[in-house]
1. Can you tell me which residue in the stretch 35-91 is farthest from Ala108 (Cα to Cα), limited to those that are crowded, with 21+ Cβ neighbours inside 10 Å and of a type in the set (S, T, N, Q)?
2. Out of the strands (runs of 3 or more DSSP E) lying entirely within the stretch 19-134, which hold 1 or more residues that are within 19 Å of Ala327 (Cα to Cα) and aromatic (Phe, Trp, Tyr)?
3. Quick check on my filter: what residues within the stretch 224-254 are modelled with pLDDT of 95 or more, in a loop (DSSP other than H, G, I, E, B) and more than 18 Å from the chain's Cα centre (by Cα)?
4. Answer with yes or no whether Val284 is under 25 Å from Thr39 (Cα atoms), among the hydrophobic types (A, V, I, L, M, F, W, C) and not in a helix (DSSP H, G or I).
5. Looking at Glu351, Glu339 in this structure, which one is within 29 Å of Val269 (Cα to Cα) and surrounded by fewer than 16 Cβ atoms within 10 Å (Cβ to Cβ)?
6. Between Pro262, Pro215, Pro280, which is loosely packed, with under 14 Cβ neighbours inside 10 Å and either modelled with pLDDT under 95 or among the β-branched types (Val, Ile, Thr) (or both)?
7. With respect to the numbered conditions (1) outside the structural domain of Ala327 (by TED's automatic domain parsing); (2) in a loop (DSSP other than H, G, I, E, B), which one is the sole condition not fulfilled by Ala161?
8. Condition first: charged (D, E, K, R) and buried (at least 24 other Cβ atoms within 10 Å of the Cβ). Now tell me which residues in the stretch 123-175 satisfy that.
Amino acid sequence: MKLAASLLAFMALAAPLQAEDLTVGFAIAKSGWMEAYDTPAATAAQIRIDEINAAGGLLGRQIKVVEADTRTDRAESAKAGLDVVDQGAEMMVVSCDYDFGAPAALVAEGEGMNSFFLCAEDVKAGIQGVGPNSFSSSVLAPVQGATMAEWAHAKRKARTAFVLEDTFIEYNKGICTGFNWMFPQLEGAEIVGSDSFKNDDASIASQITRIKSLPAEPDVIMLCSVMPGAAAAVRQIRAAGINSLILNGSAVDGSYWLEATPDLSGFVVPVQGSIYGDDPRPEVEAFNKAYEAKTGARPASQYAYPGYVLIDLWAKAVERAGTVEGAAVTAELEKMTDEPTAFGPRSFSSELHHQNSALMQIIEITNGKPARVDEWRTSQPVPMDVLMAK
């Protein structure tokens with residue numbers, strides 16, 4: 001009996017210990033208006049986590065997800081961050097928007113762990129507003145505006161532009177900042193007027209009057225806005241008989257709003273990948289189908305994609321660092337230059353944890369139907385002083 005007991009004890013000591021799960025905390029909006037942005041990106045992140053787990057995990061550990069609801073509230077965001085830390089989070093994923101994700105990200109920063117915003121496109125969602133271990137894999141709003149400026153000039157011969165800015169959120173200002181920086185640099189290009197409005201304005205009649213009073217209709221209108229104000233503005237611009245090509249940012253990607261603007265044509269946005277089945281990269285359509293298999297529907301907009309990318313990039317950095325320790329992973333992320341992903345290359349540096357240049361797919365709406373028509377990468381990155389100017 002003693003021999004058998006000793007043998008069992010020896011075998012127990014000799015058996016390899018089962019590695020504990022690696023815990024990623026999602027402090028995100030599961031209620032409130034931010035939920036519409038956070039849920040698709042979080043679902044995409046989970047798809048990548050499932051793929052990694054199926055392939056053996058990360059550093060030999062399975063990735064486990066814990067969650068807490070920010071309720072689209074800044075105070076609750078900080079509480080959610082503390083909650084997932086208490087649940088054992090070793091990395092934190094936070095809300096898409098800087099304002100609503102930053103309180104949780106600051107909790108992560110205080111713990112020395114990495115945080116990733118689901119799809120934030122404000123430069124402050126990173127080093128500048130949170131700290132050295134915070135990142136976003138999405139494409140900055142000024143890059144979207146600069147992309148629209150250069151593409152419209154090169155491909156649609158746009159030489160005159162009117163800029164119409166919705167002052168609702170910083171994202172809108174960022175789109176206009178990028179456009180206002182790029183367009184006047186281009187040969188023969190001129191911004192012939194500008195105006196602003198609020199997202200909940202019932203009418204933009206005075207702004208439309210200003211456009212119609214120009215000596216000639218502008219080639220393009222740079223509309224820096226999000227829903228629902230963007231749809232209302234587009235409808236009023238077209239009802240006034242203005243036929244200028246209308247440009248906007250990625251936030252209005254999707255066909256869900258087009259019933260409000262029947263048979264719309266001449267509306268263009270830049271996106272990280274096409275949800276419409278026409279992206280030339282097979283990896284993008286493979287993701288669209290995986291998302292549909294998981295949720296029962298294809299992505300409603302491009303804002304699912306950054307969630308997949310952030311887990312992909314973070315996991316690569318963890319493997320290279322050999323640890324999930326924040327500073328070590330940050331060092332590996334900052335070495336990434338045009339790192340391949342399913343949605344185009346991504347780069348980080350010690351000065352910027354965002355994309356100040358990116359390959360964007362160009363989506364145009366014609367007769368009420370969105371479709372990919374082109375792709376574009378700006379000829380130069382948006383400089384830091386422009387990113388911070390807004």
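1. Checking each candidate, the answer is Thr72.
2. Result: 115-117.
3. Ala240, Gly241, Ile242, Asn243, Ser244
4. Here the answer is no, as Val284 does not meet what is asked.
5. Values: Glu339 fails: surrounded by fewer than 16 Cβ atoms within 10 Å (Cβ to Cβ).
Checking each option against the conditions leaves just Glu351.
6. On the way: Pro215 fails: either modelled with pLDDT under 95 or among the β-branched types (Val, Ile, Thr) (or both); Pro280 fails: either modelled with pLDDT under 95 or among the β-branched types (Val, Ile, Thr) (or both).
It is Pro262.
7. Among (1) outside the structural domain of Ala327 (by TED's automatic domain parsing); (2) in a loop (DSSP other than H, G, I, E, B), the lone unmet condition for Ala161 is (2).
8. Selection gives Asp166 alone.
The values are calculated or read from the model by the stated rules, or taken from the named source; none is laboratory data. Keep in mind that this is a model prediction, so the values were computed, not measured. So basically every Cβ, Gly included, is an ideal-geometry build from the backbone, and we count neighbours across all protein chains shown.
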